[in-house]
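Visitor: Below: one structure in structure tokens.
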Amino acid sequence: MATPSRACCSIPPIVSEGYKYKGGFETIDGLKTYVTGPKDSKHAILIIYDVFGFFDQTIQGADILANSDSKRKYRVFMPDFFDGNPADISWYPPQTEDHQKKLGNFFQTQAVPQKSLQRIPGIVAAANETATAGKFESWAILGHCWGGKIATLVVSGDGGLFKAAVQCHPAMLDPNDAKSVAVPMALLASKDEPAEDVEAFEANLTVPHHVTTFPTQIHGFMAARSDLKDAAVRKEYERGYQVVLEFLSRYT
């Protein structure tokens, strides 16, 4: 396991409610996209949100990644892969048969990995056209929950778009996917991902990696399901983004 080696970053105080966005929304390759970070950044991050779409906690995380490294700023792009129709957060975890039906239908129609994978090259190409230098020097990809599956699949084989990948509390974690990962990868698991799957995934990685579990946190603690009013959750949310930034500082 490769461990992030330097405290590169100074994360601003985490806002528990009423967060004010540091960036704004633009259209990138036809998709509404949250864009944040200095326009003259040389490095970029593509964030794949969870199935609940644009939430303050997820957007605050994007702003943290864009601006917290003292030596390296990122231009961060978070597209709306669900075209304005994310899952309703009240469906998860499903408490009724109706919730189960709606969530299942969403995964069968909206959250189909191949649909999003096909859009990523065009998004990266269009985002590169916005770079001050005509193209970003490097790209990383970070996926929350469902997005973790997308991040893993897109760096399998010889795609070459991204220099590093991060999964935060990944859904649909398949240890067999790890065998094809071709770039350095970080995996931040919560208590809700099966420990045996996390261990097997790490064992199958053949690239530099950092795998760690946040044993007190729920699935989604770095994205939409994070209760930032809880001081303990807020502390772990901050620590999670610190781990991500230190990993990216080493591999992008």
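The values are calculated or read from the model by the stated rules, or taken from the named source; none is laboratory data. As the structure is a computational prediction, the values presented were derived from the model and not from experiment. Note that we place each Cβ from the backbone using ideal geometry, even for glycine, and neighbour counts take in every protein chain shown.
Visitor: State the number of residues belonging to the stretch 206-232 that are buried (at least 22 other Cβ atoms within 10 Å of the Cβ) and either among the hydrophobic types (A, V, I, L, M, F, W, C) or over 17 Å from the mean Cα position of the chain (by Cα) (or both).
Guide: Number satisfying all stated conditions: 4.
Visitor: Between Ser190, Ser226, which is out of contact with any helix residue (DSSP H, G or I) (no Cβ under 6 Å at 6 or more places or on another chain), of a type in the set (Gly, Ala, Ser) and farther than 21 Å from Arg72 by Cβ? Steps first, answer last, please.
Guide: Numbers: Ser226 fails: out of contact with any helix residue (DSSP H, G or I) (no Cβ under 6 Å at 6 or more places or on another chain).
Checking each option against the conditions leaves just Ser190.
Visitor: Which of the residues that make up the stretch 233-248 are under 16 Å from the mean Cα position of the chain (by Cα) and touching a residue at least 40 places away in the same chain (Cβ under 8 Å)?
Guide: Tyr237, Glu238, Gly240, Tyr241, Gln242, Val243, Val244, Leu245, Glu246, Phe247, Leu248 - these are the residues of the stretch 233-248 that are under 16 Å from the mean Cα position of the chain (by Cα) and touching a residue at least 40 places away in the same chain (Cβ under 8 Å).
Visitor: Shifting gears a bit: When you go through (1) over 19 Å from the mean Cα position of the chain (by Cα); (2) at pLDDT 95 or above one by one for Pro79, which number turns out not to apply?
Guide: With respect to (1) over 19 Å from the mean Cα position of the chain (by Cα); (2) at pLDDT 95 or above, Pro79 is out only on (1).
Visitor: Select from the stretch 70-107 the residues that are of a type in the set (Ser, Thr, Tyr) and crowded, with 18+ Cβ neighbours inside 10 Å and list them in ascending order. Quick ask: steps written out before the conclusion?
Guide: Here is the first cut: in the stretch 70-107, the residues of a type in the set (Ser, Thr, Tyr) are 70, 74, 90, 92, 96.
Correct list: Tyr74, Tyr92.
Visitor: Please go through the stretch 133-149 and pick out each residue that is closer than 14 Å to Ile123 by Cα and of a type outside the set (Lys, Arg). Explain how you work it out, then say what you get.
Guide: Filtering the stretch 133-149 for residues closer than 14 Å to Ile123 by Cα gives 135-136, 139-141.
Once the filter is applied, which keeps residues that are closer than 14 Å to Ile123 by Cα and of a type outside the set (Lys, Arg), the stretch 133-149 yields Phe136, Trp139, Ala140, Ile141.
Visitor: Could I ask something else about it? Among the listed residues Asp56, Asp50, Asp69, identify the single one that is of a type outside the set (Lys, Arg), at pLDDT below 95 and under 30 Å from His99 (Cα atoms). Write out each step before concluding.
Guide: Working: Asp56 fails: at pLDDT below 95; Asp69 fails: under 30 Å from His99 (Cα atoms).
Only one candidate passes the filter, namely Asp50.
Visitor: Can you tell me which residues in the stretch 61-102 are without any contact (Cβ under 8 Å) to a residue 12 or more places away in the chain, of a type in the set (Ser, Thr, Tyr) and over 27 Å from Leu31 (Cα atoms)?
Guide: Thr96
Visitor: For the stretch 19-53, how many residues meet the condition of being free of Cβ contacts under 8 Å to residues at least 24 places away in the same chain and in contact with an Asp or Glu (Cβ under 9 Å, 6 or more places away or on another chain)?
Guide: Residues in the stretch 19-53 being free of Cβ contacts under 8 Å to residues at least 24 places away in the same chain and in contact with an Asp or Glu (Cβ under 9 Å, 6 or more places away or on another chain): 1 in total.
Visitor: Name, by its number, the condition in (1) exposed (fewer than 13 other Cβ atoms within 10 Å of the Cβ); (2) within 18 Å of His43 (Cβ to Cβ); (3) touching a Lys or Arg at 6+ places or on another chain (Cβ under 8 Å); (4) not hydroxyl-bearing (Ser, Thr, Tyr) that does not hold for Asn67.
Guide: (1)
Visitor: Of the residues in the stretch 152-170, how many are touching a residue at least 60 places away in the same chain (Cβ under 8 Å) and either surrounded by fewer than 24 Cβ atoms within 10 Å (Cβ to Cβ) or more than 21 Å from Ala87 (Cβ to Cβ) (or both)?
Guide: Start the filter on the stretch 152-170 by keeping residues that are touching a residue at least 60 places away in the same chain (Cβ under 8 Å), which leaves 162-164, 166, 168.
From what's left, either surrounded by fewer than 24 Cβ atoms within 10 Å (Cβ to Cβ) or more than 21 Å from Ala87 (Cβ to Cβ) (or both): 162-164, 166.
Total meeting the criteria: 4.
Visitor: In this structure, does Lys149 turn out to be out of contact with any Lys or Arg (no Cβ under 8 Å at 6 or more places or on another chain), charged (D, E, K, R) and surrounded by fewer than 15 Cβ atoms within 10 Å (Cβ to Cβ)? Show your work before the answer.
Guide: Numbers: out of contact with any Lys or Arg (no Cβ under 8 Å at 6 or more places or on another chain): yes; charged (D, E, K, R): yes; surrounded by fewer than 15 Cβ atoms within 10 Å (Cβ to Cβ): no.
Here the answer is no, as Lys149 does not meet what is asked.
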